[in-house]
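Below is one structure; the comments refer to it alone.
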Amino acid sequence: MGKMFVRAVAGLALAAVAAYSGAADAQQKRDKIRIGFVTFLSGPAAGPFGVPARLAAEAIVEQLNAGKVPAPYDTKGFGGAPLELVVIDEAGGTTKQVSEFRSLVSRQNVDYVIGYISSGDCLAIAPVAEEMKKVTVLFDCGTPRVFEEASYRYVFRTRPHATMDAVAAVRYLLEMKPAVKTYGGINQNYAWGQDSWNDFDLSMKALKPDATVTTSQMPKFGSGQYGAEISALLQSRSDVIHSSLWGGDLEALMMQAVPRGLFRRSQLILVAGEPYLHRLGANMPDGTIVGARGTHGVFAPESTLNTWLHKAYRTKADHDPNYPAYSVALAFLGLKAAFEKAKLEQLGGKGGKEEMEKAPGVGPGDEQLIAAFEGLSFDSPSGRATMSLGKGHQAVMGTAYGTTKRVGGKVTVTNIKRYPAEAVTPPEGMSSPDWIKGGMKK
Amino acid sequence: MQVNKPSQSLKRPPAPGVDRTTLMLVGALVILLAVGPILPRWAMFMLNVSLSWGTVVLGMLLLMRTGLVSFGTGLYYCLGAYAAGALHHFYGIADVAVMLAASVAVAAAVAVVLGFLLAKYRDIFFAMLSLAFSMILYGLLVKTSALGSTDGFGLSVKTIAGFPLGEWERNLMFSTTVVVAFCAALGMHRYLSSHQGRLASAIRDNELRVEYMGASVRRVIHVNYVISAALAGAGGGLVGIAIGHVDPEMAFWTTSGEFVFIAILAGTGSVLAPFLGAIIFETVRSFAYEYSPNTWQLILGTTMLLVIMFLPGGLWSIFTRRKAA
Amino acid sequence: MNQFLAIVIDGIIYSSWLFIIAVGLTLIYGVMKILNVAHGSLYALGAYAATAFGGYWLAQGYPPIGSYGMLVLAAVFVGLVAGPLIERGLLRLMYGKDEVVLVLVTYAVFLILEDMTKLAFGVDPLSIPEPYGLLGSFEIGELMYPTYSLVLVLVSVFVAVALALFLGRTRHGKVLQAVIHDREIASAVGINVSRVYLVTFTAGVMLAALGGALTAPTISVQPGIAAEVIVLAFAVVVIGGLGSLGGAALGAVIVGMVRAWAVHKWPEVELFSVYAVMALVLIMRPKGLFAAPEARKI
């Protein structure tokens, strides 16, 4: 029995050493750029966010490798080098995700990692990426804590953080309904729901101090039965109901609340309502205020890049891209812009597409890439993003809100109002709660 | 309730100071310490986490030998991790030894209190009540925004018992985990061979007879419960430090379910089994995630069914069966 | 309308839902001593089948009122397919193993079904909202409630009464009780325990699927609903006393009322109210409220 165990351990060690030496070889070649892509493939976040993100990533990589993306992204792959995706499921919690990240980096030898929808995963992964010196782009998580509580060299986030979702919601609400007296909320009882409600509540207190809170309902994530919550909200008779619900929970709430007339009584604000416009159809009451957590989806400005994303995404799915798909585009195009900026400098600062594609094996080191990425401004299907917070690692963009209106059985968004980044995002060096409490000065 | 066939430990003669298991433990310690630094980083990290989980499961092994299966080990695992994390978060303490001591102390202290209650419970009711406590902790942590709610918070370490970790942080952390796991396994081995330890299996086989013998069943169960909680706390602290992040998921019932999974996979035949089980579990899971991201649950579930069907004594029974043959 | 009335009505509706999702679990445990973790997956399968059956019915342009029949048919279908498959194909090989090992076996089934459902139905949320709105709504005081909730309450009362009558008044029910009480004696007096197990498990699966099928019109059916339901059902059943029908009903009422009260009066504690109740009940009555006394075997 002892011998067996010793043999097993020795075997494991040998296999590991072999894998290690193989790994060292792979790292020196750069005929392909391997990108680890982490997104929810199972669990409740898979349907609304995870899988659309994966479809978008696959579509974008195909288009990039074929050189079919409009300028300035028409160089094949990243600077001529084709991309290869390694997709990992984000389910399972931070312990597993940290393990998986380490495996992606040192077993799969990916060159860059793009991923993470859950804020908890982002907070856990960022220090590990830093420790392992692996350039990592967080594409969809929203918590401002990532760059407000720490600063990183290797970690970037190409979407704006979530503070603006609540602040812009309040600004929009007060423009549309300046006479609001009472407001309540229904948010999931976990970090996103709590933060979203707190930011909304704080912003209301700052901009409309005479309005009062009626009730803050915090159902468990995934509970699915909202009968009692809806009764409580009905009885609260609030002018406004704020909700950051998403996915199946949002759909269940709408299916249960609309027949009970809740939204005839109260104005509804759905901070993350955009992905469900096409799904909810008859259950989306007219006049609902919806956001897309940025200028994504229906809020995206018209541009060749936007049209391209629609077409590219449609090759993989039978519906239009929703905001996670736009977040993915931001991440890939941001990283590509930084990569190519650094590569051009490496090639002597002149030339463009042809020169880069002639030397697909040449690529910038991480230091050059980071230098190019910090503070970068780049175009995307959602408009222009600037990496100006978190010492140049956190993107800043404007956002938009609108009001739903059914036209011929299809839900459309009208009265779209756009808010520039300065109006909805705290400046560098200031934490989101402090900024909101201080009256959101530019 | 019997998790295993009547235990091997009863059939074995009383253990002398140095027996085969002790030798194997020392061998594993030496090999792991020697091999650790040359392992690729992912493998070292996976081993680090697996050995920490093994420590948690070692505590479950003790309970299982007593005839109890807890679906709430996550309570102590999470408490241990949060104890370590809170020291760093609130007091800026970044010493591995101090953190681990806190993990063990907090978990054990809570277990002493809850043990008075839980020692009365058996079977599925023990499992469910421990699950309820662990879910209450989960609920409390989710509600506590000062601790980051479901996002949790990060922690980092700088020293170990006063010595700076510096460049060698990962290696030293790995070695620490190996040493802690070794001490836990050796201690458990000695304990199981002691009079008190042997009462565990006796209680599982027949409580009433143990009472007739004059031993207090509740006291034995209480003590074993505290030991198992302390080990879970240590494991939680080790994982928290290794991951650099703690969150309430650690107290969720699925986390406890995974520990039960590993325990059944490994079997209760030896104090080495939990560690082997954890390593195999983590390896299967990690590769399933990577090569089959859409069906990893299917793979895990099937593996579990196959083990239960063909290796009722857990994976460890492969070794014992070979020996018999 | 006063808040108290709202709490009671919300509590009754939620309790009925809890009872439907929990009763199959307690039935299976009572007879077979298996705490079926896969119960949640079977609930999910019922919900998925309901969207498929109901969706097909409506897509054919048949009268929408028939979609209620499709919900029930979906549950029966899942029960008749999955029940015998799991019982004969897997559980039968495991009888005689420890209770906790059986929990693990069903946990494995849960994991497998989770991925199989995903492979079969995809990850996109599916829905079948028509049956929910079809019956309109009624008003109590100033609050509007969908009539569908009333249907749910009636179904759940019907299931409870039917099961109670079956167990207490029929020959088959008495056979079942004999097996619950002592499996070995039952088989010694000539009861075909194997068949009783098959029928019980199938019935339990059917009830789980019925819970899912009836819930489907009120939610969007998607991955993850299984894991949420199973812990709730556990809590209800454990509070009432594992294996007791009356216990499941009482457990459902207690949990339902406490939760409705929490939502209206103290929303912050809603998250763990269920577990707090479970811990409290177990502390006071270690085997749940309606546990049968058990002889100590020496």
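The values are calculated or read from the model by the stated rules, or taken from the named source; none is laboratory data. What you are looking at is a predicted structure, and each value in this text was computed from that prediction instead of being measured. For neighbour counting, all protein chains shown are included, and Cβ atoms are generated from backbone atoms with ideal geometry for every residue, glycine included. When the accessible area is computed, the model is the full protein with side chains, heavy atoms only, and any ligands, DNA or RNA have been set aside. Shrake-Rupley method; radii C 1.70, N 1.55, O 1.52, S 1.80 Å.
Just a few scattered comments:
- Remark: segment C:3-284 carries a charge dipole of roughly 920 debye about the Cα centre, counting +1 on each Lys and Arg Cβ and -1 on each Asp and Glu Cβ.
- Cysteines in the protein assembly as shown lacking any other cysteine Cβ under 4.7 Å from their own Cβ: B:CYS78, B:CYS183.
- Surface analysis of segment B:19-262 yields an accessible area of 31 Å² per residue, using protein heavy atoms and a 1.4 Å probe.
- Charges were assigned to the Cβ only: +1 to each Lys and Arg, -1 to each Asp and Glu. The resulting dipole of segment A:353-442 about its Cα centre is roughly 940 debye.
- Cα-centre dipole for the protein assembly as shown with unit charges at Cβ (Lys and Arg positive, Asp and Glu negative), debye to 20: 2240
- Summed buried accessible surface, chains A and B, 1.4 Å probe, nearest 100 Å²: 4200
- Partner lysines whose Cα lies under 25 Å from the Cα of A:LYS220, excluding those fewer than 8 positions away in the same chain, are identified as A:LYS96, B:LYS143, C:LYS118, C:LYS265.
- Charge dipole (segment C:46-177, unit charges on Cβ, about Cα centre) - positive-most of C:GLY133, C:LEU58, C:VAL105: C:VAL105
- Residues of type aspartates and glutamates that A:LYS133 reaches as a straight line, Cα spacing below 17 Å, ignoring anything fewer than 8 places off in the same chain: A:GLU100, A:ASP111, A:ASP366, A:GLU367, A:GLU374, B:GLU167, B:GLU169
- Atom-type composition of the exposed protein surface of segment C:3-284 places 70 percent of the accessible area on carbon and sulfur (1.4 angstrom probe).
- Three-way shape call for chain C based on the alpha-carbon gyration tensor, with the a/c threshold at 1.5: oblate
- Lysines whose Cα lies under 23 Å from that of C:LYS174, excluding same-chain neighbours fewer than 8 positions away: C:LYS33
- The angle separating the long axis of helix A:51-65 from the principal Cα axis of greatest extent in chain A is about 40 degrees.
- For the chain pair C and B, buried accessible area totals roughly 4000 Å², probe 1.4 Å, rounded to the nearest 100.
- Ranking B:PHE319, A:PHE78 from most to least accessible surface, computed with a 1.4 Å probe over the protein chains only, gives B:PHE319, A:PHE78.
- Estimated from helical segments only, the mean residue ellipticity of the protein assembly as shown at 222 nm is -19500 deg cm²/dmol, where each DSSP H run of four or more residues counts as -39500 (n - 2.57).
- Rounded tilt (10° steps) of A:227-236 against the dominant C-alpha axis of chain A: 50
- Cα centroid of segment A:291-314 to Cα centroid of segment A:89-164, whole Å: 25
- Three-way shape call for chain B based on the alpha-carbon gyration tensor, with the a/c threshold at 1.5: rounded
- A 1.4 Å probe over all protein chains sorts B:HIS89, B:HIS195, A:HIS319, B:HIS189 by accessible area into B:HIS195, B:HIS89, A:HIS319, B:HIS189, starting with the largest.
- Counting only whole DSSP H helices of chain C, the ones at least 18 Å long by C-alpha along their axis and with mean Kyte-Doolittle hydropathy no lower than -0.5 are C:3-32, C:39-59, C:67-89, C:99-121, C:147-169, C:193-215, C:225-240, C:245-265, C:270-284.
- Cα gyration tensor category, rounded, prolate or oblate, for the protein assembly as shown with a/c compared to 1.5: oblate
- Scanning chain B for long hydrophobic helices, with DSSP H runs required to stretch 30 angstrom or more by C-alpha along their axis and to average at least -0.5 on the Kyte-Doolittle scale, returns B:41-65, B:96-118, B:123-143, B:169-193, B:217-243.
- Distance histogram in 5 Å bins (all Cα pairs of segment B:116-222, percent per bin): 2, 9, 11, 11, 11, 14, 15, 12, 9, 5, 1, 0
- Note on segment C:3-284: dipole from Cβ charges, positive end direction compared against C:MET144, C:ALA74, C:VAL199; the farthest Cα belongs to C:VAL199.
- Solvent accessible area, Å² - B:CYS183, 1.4 Å probe, full protein context: 70
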